[in-house]
């Protein structure tokens, strides 16, 4: 089985403070571009990018430019700023996925950052026949019944912008309830998470699932910088390049794989 991370409680104060690493991650990305060009090219299938809470299409520029350079037909959700799990956005997303599938004649891969990953899961459930695979980046995909363990400041911002009752209000919507109660996805799901994520703790960013289809992949870095994190971009490209019907769990190899294993303290292959 793929298992949720055993962490409990909120992100540590140190992890929250280290979110300022985002500036270093953004500055480092251009220098990593030559190495990132070693990732496999795609087959041109459509990819839909979904921003995190309070993020817009602008926040997705790193992912968008990189995946286009790998040969994918990339689009962003086109719904403006993500201001919470609202019905109008959920409905529009489903229609967007169906339209992209109809237009291209190919199933769509969904890549969602933070709350965008929750939208991605919802879209994959609603339009399963139109979706090829789902990749979430630090997304609260496994929030327990007692509520989110995100920092108090993040929950306060959600109450201010999205709903005065906070994340719990939208998690109780019929759409969100269906998302929790449904069977696991029938297509591949890759959940990327960071142990030092200062916004979404690892137990909420990972899933229990079938290892033939579902996986949790640890990455080094901040939550706010996931869309500009070189390791994340490389892994996303690797996951999208899996041929349909031949999906295999992530197994880092080559020079980039060795660097990844060292950064995440994973054992190197013998």
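The values are calculated or read from the model by the stated rules, or taken from the named source; none is laboratory data. Only a predicted model underlies this, so the values are computations on that prediction, with no experimental measurement involved. Note: ideal-geometry Cβ built from the backbone for every residue, glycine included; neighbour counts use all protein chains shown.
Tabulated results
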item	result
Residue count for segment 1-17, restricted to those that are surrounded by 13 or more Cβ atoms within 10 Å (Cβ to Cβ) and assigned to a helix (DSSP H, G or I)	2
Failed condition for residue 62, given (1) touching a residue at least 40 places away in the same chain (Cβ under 8 Å); (2) more than 16 Å from the chain's Cα centre (by Cα)	(2)
Cβ pairs under 8 Å, 6+ apart, first in segment 245-261 and on the phi > 0 side of the Ramachandran plot and surrounded by 11 or more Cβ atoms within 10 Å (Cβ to Cβ), second at pLDDT 85 or above and in a helix (DSSP H, G or I)	none
Top-ranked residue in segment 72-84 [being over 18 Å from residue 134 (Cα atoms) and without any contact (Cβ under 8 Å) to a residue 40 or more places away in the chain; ranked as surrounded by the most Cβ atoms within 10 Å (Cβ to Cβ)]	82
First in segment 34-56 and on the phi > 0 side of the Ramachandran plot and modelled with pLDDT of 90 or more, second anywhere and part of a loop (DSSP other than H, G, I, E, B) and crowded, with 19+ Cβ neighbours inside 10 Å, Cβ under 9 Å, 6 or more apart	44/72
Filter result for residue 64 (surrounded by fewer than 21 Cβ atoms within 10 Å (Cβ to Cβ) and in contact with a helix residue (DSSP H, G or I) (Cβ under 6 Å, 6 or more places away or on another chain))	no
Residue satisfying all of: in segment 124-144; in a helix (DSSP H, G or I) and in contact (Cβ under 8 Å) with a residue 60 or more places away in the chain; surrounded by the fewest Cβ atoms within 10 Å (Cβ to Cβ) among these	125
Condition check for residue 211: touching a residue at least 40 places away in the same chain (Cβ under 8 Å), surrounded by fewer than 23 Cβ atoms within 10 Å (Cβ to Cβ), touching a helix residue (DSSP H, G or I) at 6+ places or on another chain (Cβ under 7 Å) and more than 21 Å from residue 65 (Cβ to Cβ)	no
Residue within segment 85-99 that is crowded, with 19+ Cβ neighbours inside 10 Å and either free of Cβ contacts under 8 Å to residues at least 24 places away in the same chain or over 22 Å from residue 132 (Cβ atoms) (or both) present	yes
